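First, the structure itself, so that you have it in front of you.
The values are calculated or read from the model by the stated rules, or taken from the named source; none is laboratory data. Just so it is clear, the structure is predicted and the values come from calculations on it, not from any experiment. Counting neighbours? That spans all protein chains shown, and the Cβs are built from the backbone with ideal geometry, glycine included.
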Amino acid sequence: EPEVTQTPSHQVTQMGQEVILRCVPISNHLYFYWYRQILGQKVEFLVSFYNNEISEKSEIFDDQFSVERPDGSNFTLKIRSTKLEDSAMYFCASSAGVYYTFGSGTRLTVV
Amino acid sequence: GDSVTQMEGPVTLSEEAFLTINCTYTATGYPSLFWYVQYPGEGLQLLLKATKADDKGSNKGFEATYRKETTSFHLEKGSVQVSDSAVYFCALSTTSGTYKYIFGTGTRLKV
């Protein structure tokens with residue numbers, strides 16, 4: 001069964017540093033997403049991406065965040081100048097429509 | 001806007017007990033509804049789904065019925081096992097073009 005692959009599984013970074021979280025969506029999917037889950041809390045929508053542009057973003061997705069599909073296969077989330085409160089599990093997902101496939105997540109720890 | 005409300009946890013049950021986790025939603029149009037399960041330290045796994053009113057989703061002994069009249073999608077299982085201990089998330093897919101998911105706050109089940 002096709003999978004969404006996320007790397008790394010765990011990243012530790014210093015406050016103020018930039019991080020890039022990587023995702024390889026399922027090859028024939030057209031919609032790509034990032035979600036965030038702060039430890040013990042709900043899963044929150046960050047951004048959706050379609051046709052090489054952001055189609056929707058949440059209030060959380062401010063200028064600190066950006067997404068890119070640099071080479072037609074990878075889908076990345078960049079967080080500039082990380083803060084302690086960015087520590088969370090970040091999930092990538094892709095879909096051909098309403099049904100998602102989620103990746104296993106990247107746990108980001110900002111110290 | 002669209003939202004999902006889940007019962008507060010944790011829910012603590014004895015093995016073989018009956019499980020109900022309540023979920024209600026607010027949405028425009030007719031969203032698809034989902035239950036996801038998250039085991040400790042792991043990602044999100046789709047447990048079951050329903051796409052229209054009166055649909056019943058089922059998987060691994062879990063069931064939920066899409067009730068449009070009560071805007072509910074309660075999760076049930078007739079006999080829980082220790083291995084069912086996890087966090088359960090109810091979610092809906094918005095009917096806008098981006099297929100954004102909105103999750104409930106999650107309910108922790110301890111068996």
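Residues checked against (1) among the hydroxyl-bearing types (Ser, Thr, Tyr); (2) more than 24 Å from A:Glu59 (Cβ to Cβ); (3) buried (at least 21 other Cβ atoms within 10 Å of the Cβ):
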position: B:Trp35; (1), (2), (3): no, yes, yes
position: B:Ser58; (1), (2), (3): yes, yes, no
position: B:Arg67; (1), (2), (3): no, yes, no
position: B:Phe73; (1), (2), (3): no, yes, yes
position: B:Ser93; (1), (2), (3): yes, no, yes
position: B:Ile102; (1), (2), (3): no, no, yes
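I would also like to ask the following. Taking the condition within 17 Å of B:Asp84 (Cβ to Cβ) and in contact (Cβ under 8 Å) with a residue 60 or more places away in the chain, does B:Pro10 pass?
yes
Oh, and also: In this structure, is B:Ala50 touching a Leu at 6+ places or on another chain (Cβ under 7 Å) and modelled with pLDDT under 95?
Here the answer is no, as B:Ala50 does not meet what is asked.
Filter region B:1-44 down to the residues that are charged (D, E, K, R) and within 12 Å of chain A (Cβ to nearest Cβ) and list them by number.
B:Asp2, B:Glu42
Residue-wise test of (1) of a type in the set (A, V, I, L, M, F, W, C); (2) modelled with pLDDT of 95 or more.
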| site | (1), (2) |
| --- | --- |
| B:Ala17 | yes, yes |
| B:Ala27 | yes, no |
| B:Leu33 | yes, yes |
| B:Tyr36 | no, yes |
| B:Leu92 | yes, yes |
| B:Thr95 | no, no |
| B:Tyr99 | no, no |
| B:Phe103 | yes, yes |
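How many residues are surrounded by 12 or more Cβ atoms within 10 Å (Cβ to Cβ) and not in a loop (DSSP other than H, G, I, E, B) when one looks only at region A:21-53?
Number satisfying all stated conditions: 19.
Moving to a separate point now. Can you find even one residue in region B:82-93 that is in contact (Cβ under 8 Å) with a residue 12 or more places away in the chain, within 11 Å of chain A (Cβ to nearest Cβ), farther than 22 Å from A:Gln37 by Cβ and touching a Pro at 6+ places or on another chain (Cβ under 7 Å)?
No, the conditions are met nowhere in region B:82-93.
Looking at region A:1-58, which of the residues that are away from chain B (no Cβ under 14 Å) and at positive phi is modelled with the lowest pLDDT?
Result: A:Asn52.
What about B:Lys77, is it farther than 20 Å from A:Arg36 by Cβ and among the basic types (Lys, Arg)?
Taking the combined requirement at face value, the residue satisfies it.
If we only count strands (runs of 3 or more DSSP E) wholly inside region B:31-91, which ones have 2 or more residues that are of a type in the set (Gly, Ala, Ser)?
So the answer is B:56-59.
Here's a check for you: in region A:56-111, which residue that is among the small types (Gly, Ala, Ser), under 10 Å from the mean Cα position of the chain (by Cα) and in a strand (DSSP E or B) is surrounded by the fewest Cβ atoms within 10 Å (Cβ to Cβ)?
The extreme case among them is A:Ser66.
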